[in-house]
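Working notes, beginning with the structure itself.
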Amino acid sequence: MVSGFVKSLSSFAYRNFFKKESTYFTTIVATGVVFSIGFNSMFDKYWDKKTAGTKWEDIKGRYVEN
Amino acid sequence: MFSRGSFGAFKTAAQGASKRFSTQSGPSKGTMYNALMCVAASTATGAGLTLYYLEKNAASANMEAEGLHAPDYPFPQKKLFGTFDHASIRRGFQVFKEVCAACHSLDLVHWRNLVDVAYSEDEVRAMAEEFEYTDGPDDSGAMFERPGKLTDPIPRPYANEEAARAANAGALPPDLSLITKARHGGVDYIYALLTGYCDPPAGVEIREGLNYNPYFPGGAIAMAQNIFDGVVEFEDGTPNTASQITKDVVTFLNWAAEPELDDRKKIGAKALLLFSSLTLMALWIKRNRWQTLKTRKIAFNSPKNWSSKAKK
């Protein structure tokens, strides 16, 4: 059953990640790092699309000879 | 202000009285009280706000002392998540250099601030080298002139305030590094001011040497109109109408005052997103954890013999 799976999933998570303080802390930090990288890259991609054509990087090509 | 507790006590007292002696068949005294309180509160709020804004926007015979209120122009960087148009900043710096730098200083902006904002590093170096800066002392103790570097500030037209006043009939052209933050109305005011020169209305006398501008507090400004159609030629081919030139120079001045705007808006959007999500999560988790406490029942089983005799 779905609820049984959820229960065993949360039990698994509790026993392996949340029970000991050391693993709990590691989980928190690791989740923070992964979330930070993922959120920032996704948001920056969205923001760059939203401000396309207005930033220096977009008009740079006209003025810099590489 | 009014906690749920105090309102509740008031309400129960009113309702208690009505339960015993009420002759009303319509809404109970409780709901009547609520409705009256709402009406009173909204009337008070509405009246208070009305009086406040009437006082704030009062018309008077001396409104030219405040200056005409500038319209709301659609600069993209004014919007909540809007950022600068850097091509406009580039054109604006060209306008500043050719038109405004003759009288106005820009002390807080250095050549290096322009790199990767509106110009490439090589372009800025070339622009800086066109100017001479005093440096030194050298080994013999004398000061010497050298071409500009990236670390130098944008050159000043006058060495000091006295020289500026002497060259401008006693008026000091203000430094423009922070002007859009330093004037009420910001970019709208600067744009309206630069495009707002007109003949004074009938009966208004402007003394010799001053110019009429309705947006300037008092109406008489020492600066003459400097921006006309075609006064600057843009290298990217943008039509050089007076309004385009003004829009670009105002955008440049806004950047000079708020160079962090692009980053600030991006970080602000991220912060709003994260904090609102975390707040909603926190509210839900709190209510979830408190459910057990808030829904528990406490049962009292009274003892069978209430004996006043002390136990032996």
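Across the stretch B:186-218, the number of residues qualifying as under 22 Å from B:Lys247 (Cα atoms) and not hydrophobic (A, V, I, L, M, F, W, C) comes to 13. When we screen A:Phe35, A:Phe17 for residues that are among the aromatic types (Phe, Trp, Tyr), out of contact with any His (no Cβ under 8 Å at 6 or more places or on another chain) and more than 23 Å from B:Ile267 (Cβ to Cβ), the only hit is A:Phe17.
When the test is whether a residue is in a loop (DSSP other than H, G, I, E, B), touching a residue at least 60 places away in the same chain (Cβ under 8 Å) and either surrounded by 14 or more Cβ atoms within 10 Å (Cβ to Cβ) or among the hydrophobic types (A, V, I, L, M, F, W, C) (or both), B:Val204 does not pass it. Give the residue that is nearest to B:Ala87 (Cα to Cα), with candidates limited to residues of the stretch B:118-127 that are buried (at least 18 other Cβ atoms within 10 Å of the Cβ) and at the interface with chain A (Cβ under 8 Å from one of its Cβ atoms). For the stretch B:118-127, the residue satisfying everything is B:Ala118. Could you say whether any residue in the stretch B:68-91 is of a type in the set (Lys, Arg) and under 22 Å from the mean Cα position of the chain (by Cα)? Yes, that holds for at least one residue.
For first residues located in the stretch A:24-49 and within 13 Å of chain B (Cβ to nearest Cβ), partners that are assigned to a helix (DSSP H, G or I) and lie 6+ apart or on another chain with Cβ distances below 6 Å form the pairs A:Phe43/B:Lys270; A:Trp47/B:Lys266.
Taking the residues in the stretch B:115-125 that are among the aliphatic types (A, V, I, L, M) and more than 21 Å from B:Gln244 (Cβ to Cβ) as candidates, determine which candidate is farthest from the chain's Cα centre (by Cα). Checking each candidate, the answer is B:Val124.
With respect to B:Glu98, determine if the residue is surrounded by 11 or more Cβ atoms within 10 Å (Cβ to Cβ) and over 24 Å from the mean Cα position of the chain (by Cα).
yes
Among the residues of the stretch B:271-279, is there at least one that is surrounded by 12 or more Cβ atoms within 10 Å (Cβ to Cβ), within 14 Å of chain A (Cβ to nearest Cβ) and in contact (Cβ under 8 Å) with a residue 24 or more places away in the chain? No.
Right, B:Lys266: surrounded by 10 or more Cβ atoms within 10 Å (Cβ to Cβ), at pLDDT 95 or above, basic (Lys, Arg) and within 30 Å of B:Glu233 (Cα to Cα) or not? The answer is no for B:Lys266.
Applying the criterion of being of a type in the set (Val, Ile, Thr) and part of a helix (DSSP H, G or I) to the residues of the stretch B:240-276, the residue that is nearest to A:Lys55 (Cα to Cα) is B:Thr251. Take the stretch B:164-198 and flag every residue that is touching a Gly at 6+ places or on another chain (Cβ under 8 Å) and polar (S, T, N, Q). Selection gives B:Thr180 alone. Somewhere in the stretch B:158-173, is a residue in contact with a helix residue (DSSP H, G or I) (Cβ under 9 Å, 6 or more places away or on another chain) and under 23 Å from B:Ser88 (Cα atoms)? No.
For the stretch A:20-32, give me each residue that is surrounded by 10 or more Cβ atoms within 10 Å (Cβ to Cβ) and more than 24 Å from B:Gly268 (Cα to Cα). Once the filter is applied, which keeps residues that are surrounded by 10 or more Cβ atoms within 10 Å (Cβ to Cβ) and more than 24 Å from B:Gly268 (Cα to Cα), the stretch A:20-32 yields A:Lys20, A:Thr23, A:Tyr24, A:Phe25, A:Thr26, A:Thr27, A:Ile28, A:Ala30. From the list A:Val2, A:Val34, the lone residue that is β-branched (Val, Ile, Thr) and either modelled with pLDDT under 90 or more than 23 Å from the chain's Cα centre (by Cα) (or both) is A:Val2.
Filter the stretch B:36-89 down to residues that are aliphatic (A, V, I, L, M) and within 14 Å of chain A (Cβ to nearest Cβ), then give me how many there are. Working first, answer last.
Residues of the stretch B:36-89 that are aliphatic (A, V, I, L, M), as a first pass: B:36-37, B:39-41, B:44, B:47, B:49, B:51, B:54, B:58-59, B:61, B:63, B:65, B:68, B:70, B:80, B:87, B:89.
In the following step, the residues that additionally are within 14 Å of chain A (Cβ to nearest Cβ) were identified as B:80, B:87, B:89.
Going through the stretch B:36-89 one residue at a time, the tally reaches 3.
Before we move on, is B:Tyr133 in contact (Cβ under 8 Å) with a residue 24 or more places away in the chain, of a type in the set (Ser, Thr, Tyr) and more than 14 Å from chain A (Cβ to nearest Cβ)?
Values: in contact (Cβ under 8 Å) with a residue 24 or more places away in the chain: no; of a type in the set (Ser, Thr, Tyr): yes; more than 14 Å from chain A (Cβ to nearest Cβ): yes.
Spelling it out, it is not the case that B:Tyr133 is in contact (Cβ under 8 Å) with a residue 24 or more places away in the chain, of a type in the set (Ser, Thr, Tyr) and more than 14 Å from chain A (Cβ to nearest Cβ).
Within the stretch A:37-66, which residues are more than 18 Å from the chain's Cα centre (by Cα) and among the hydroxyl-bearing types (Ser, Thr, Tyr)?
Narrowing the stretch A:37-66 to residues more than 18 Å from the chain's Cα centre (by Cα): A:49-66.
A:Thr51, A:Thr54, A:Tyr63 - these are the residues of the stretch A:37-66 that are more than 18 Å from the chain's Cα centre (by Cα) and among the hydroxyl-bearing types (Ser, Thr, Tyr).
Of the set (1) surrounded by 18 or more Cβ atoms within 10 Å (Cβ to Cβ); (2) more than 28 Å from B:Ala159 (Cα to Cα); (3) not hydroxyl-bearing (Ser, Thr, Tyr), all apply to B:Gly218 but (1). From the list B:Pro155, B:Pro174, the lone residue that is within 24 Å of the chain's Cα centre (by Cα), in a loop (DSSP other than H, G, I, E, B) and not polar (S, T, N, Q) is B:Pro174.
The values are calculated or read from the model by the stated rules, or taken from the named source; none is laboratory data. Every value quoted in this text rests on a predicted model; they were computed, and no experiment measured them. Ideal geometry is used to build each Cβ from the backbone, glycine not excepted, and the neighbour counts take in all protein chains shown.
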